[in-house]
Amino acid sequence: MASPRNVTIIGSGPAGLTAALYAARANLQPLVIEGLEAGGQLMLTTLVENFPGHRDGIMGPDLMHEMRAQAEKFGAEIVQNHVTHVDLCVTPFVVKTTDAEYTTKTLIIATGASARLLGLPSERALMGHGVSTCATCDGYFFRGQDIAVVGGGDSAMEEATFLTRFASKVTVVHRRDTLRASKIMQDKARSNPKIEWRLNHEVVEIRDSGSGEVSSMVLRDVKSSATSEVPVAGVFVAIGHTPNTALFKHQMELDANGYIITHDGAKTSVPGVFACGDVQDHVYRQAVTAAGTGCMAALDAEHYLDGIPEHLQS
């Protein structure tokens, strides 16, 4: 078997590729295993206007292409595969893909979190073209337009309230007659005159009128089964995220929702294993914060390999 890698990174979104860039510049020859969704959620995004350094914005896939090329320029090896098994109970750690097995002295987990979707074919087809899972990413594009938020939890109320800064009207769609959100979040949303409510309704179709962009949504009354069409320019799905941590269950400390718990930077409960990006961040979920934690993970891995005592790491 080949010698253990210094650094292996699972995931190739902003967090994983930033970690790869920093590890490569430290001459650690990192290995990046892209995963099933190479490039992460930005591959489903159109124009990104809030990533520093791109004053005119940059298309999500283009940003990820540039980050990938930059990491490779400095010596990162990127393989197009996905991880099927990891063993964190042995050292060096073992990482298996569909057709290869690697051992590694340190592991950086950047597997991200997947937004829960409604499961409609039209939802996937129009993702990035009016359908979004991130209000802070895309709300700016809907100035003066009618849009919808689907969901009844705190995140849905927060997104609906935030989107009223741009939209002329925000319709909240929830399949029950009561909301799951905390009272304070509900009260804030209900007091906003720009927010309308369609409780006891579910979205059964998102339409584009042949333009390739969202033009309306079809709602079904869960009690009467009657359907209605509501004109909207955007549909924001806010029914939660699922961290991609199935590989690591029972091997490291996760919180109640399955996110990896980090401390003192990007360190996890397993020495030599670090986590960055949305797999450990359920609050900010931004490309720039993911990149920042990717930098932290690479520096923490470098310090670990150098044998620097934890209390002297900064």
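The values are calculated or read from the model by the stated rules, or taken from the named source; none is laboratory data. Keep in mind the model is a prediction, meaning the values are calculated, not measured. Quick reminder, even Gly has a Cβ in these numbers, built from the backbone with ideal geometry, and neighbours come from all protein chains shown.
General observations
- Per the listing SER215, SER228, the residue uniquely modelled with pLDDT of 95 or more, under 13 Å from ALA148 (Cβ atoms) and touching a Ser or Thr at 6+ places or on another chain (Cβ under 9 Å) is SER215.
- Residues (part of a helix (DSSP H, G or I) and crowded, with 19+ Cβ neighbours inside 10 Å) located in the range 159-175: GLU159, ALA160, THR161, LEU163
- Pick from the range 276-295, criterion among the aliphatic types (A, V, I, L, M) and surrounded by fewer than 22 Cβ atoms within 10 Å (Cβ to Cβ), ranking: farthest from ALA246 (Cα to Cα): VAL288
- Scanning the range 233-246 for residues that are buried (at least 17 other Cβ atoms within 10 Å of the Cβ) and farther than 25 Å from ALA160 by Cβ yields ASN244, THR245.
- Of everything in the range 129-144 that is buried (at least 17 other Cβ atoms within 10 Å of the Cβ) and assigned to a loop (DSSP other than H, G, I, E, B), the residue that is farthest from the chain's Cα centre (by Cα) is GLY130.
- Failed item, numbered, when THR178 is tested on (1) out of contact with any helix residue (DSSP H, G or I) (no Cβ under 9 Å at 6 or more places or on another chain); (2) crowded, with 16+ Cβ neighbours inside 10 Å; (3) not assigned by TED's automatic domain parsing to the domain that holds ILE9: (2)
- Residue match in the range 232-252 (condition: touching a His at 6+ places or on another chain (Cβ under 7 Å) and of a type in the set (D, E, K, R)): no
- Any hit, the range 192-212, residues being in a loop (DSSP other than H, G, I, E, B) and farther than 29 Å from HIS174 by Cα: no
- Number of positions in the range 16-66 that are modelled with pLDDT of 85 or more, assigned to a loop (DSSP other than H, G, I, E, B) and among the charged types (D, E, K, R): 3
- Selection status of PRO4, surrounded by 18 or more Cβ atoms within 10 Å (Cβ to Cβ) and more than 22 Å from the chain's Cα centre (by Cα): no
- Residue within the range 101-114 that is surrounded by fewer than 19 Cβ atoms within 10 Å (Cβ to Cβ), within 21 Å of PRO4 (Cα to Cα) and in contact with a helix residue (DSSP H, G or I) (Cβ under 8 Å, 6 or more places away or on another chain) present: yes
For (1) in contact with a Ser or Thr (Cβ under 9 Å, 6 or more places away or on another chain); (2) crowded, with 22+ Cβ neighbours inside 10 Å; (3) assigned by TED's automatic domain parsing to the domain that holds GLU66; (4) not basic (Lys, Arg), each residue gets a yes or a no:
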residue: GLY11; (1), (2), (3), (4): yes, yes, yes, yes
residue: THR18; (1), (2), (3), (4): yes, yes, yes, yes
residue: LEU28; (1), (2), (3), (4): yes, no, yes, yes
residue: ILE33; (1), (2), (3), (4): yes, yes, yes, yes
residue: GLY39; (1), (2), (3), (4): yes, yes, yes, yes
residue: MET43; (1), (2), (3), (4): no, no, yes, yes
residue: LEU47; (1), (2), (3), (4): no, no, yes, yes
residue: PHE51; (1), (2), (3), (4): no, no, yes, yes
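- Filter result (at pLDDT below 95 and either closer than 30 Å to PHE236 by Cβ or not in a loop (DSSP other than H, G, I, E, B) (or both)) within the range 68-111: HIS82
- All strands (runs of 3 or more DSSP E) inside the range 214-314 with 3 or more residues being under 21 Å from VAL94 (Cα atoms) and among the hydrophobic types (A, V, I, L, M, F, W, C): 273-275
- Look at the range 64-87: where a residue is of a type in the set (A, V, I, L, M, F, W, C) and a partner is surrounded by 17 or more Cβ atoms within 10 Å (Cβ to Cβ) and assigned to a loop (DSSP other than H, G, I, E, B), sitting 6+ places away or on another chain with Cβ atoms under 6 Å, you get MET64/GLY39; ALA76/PRO30.
- Residue within the range 198-212 that is in contact (Cβ under 8 Å) with a residue 12 or more places away in the chain and small (Gly, Ala, Ser) present: yes
- Qualifying residue in the range 55-68 (condition: touching a His at 6+ places or on another chain (Cβ under 7 Å) and crowded, with 17+ Cβ neighbours inside 10 Å): no
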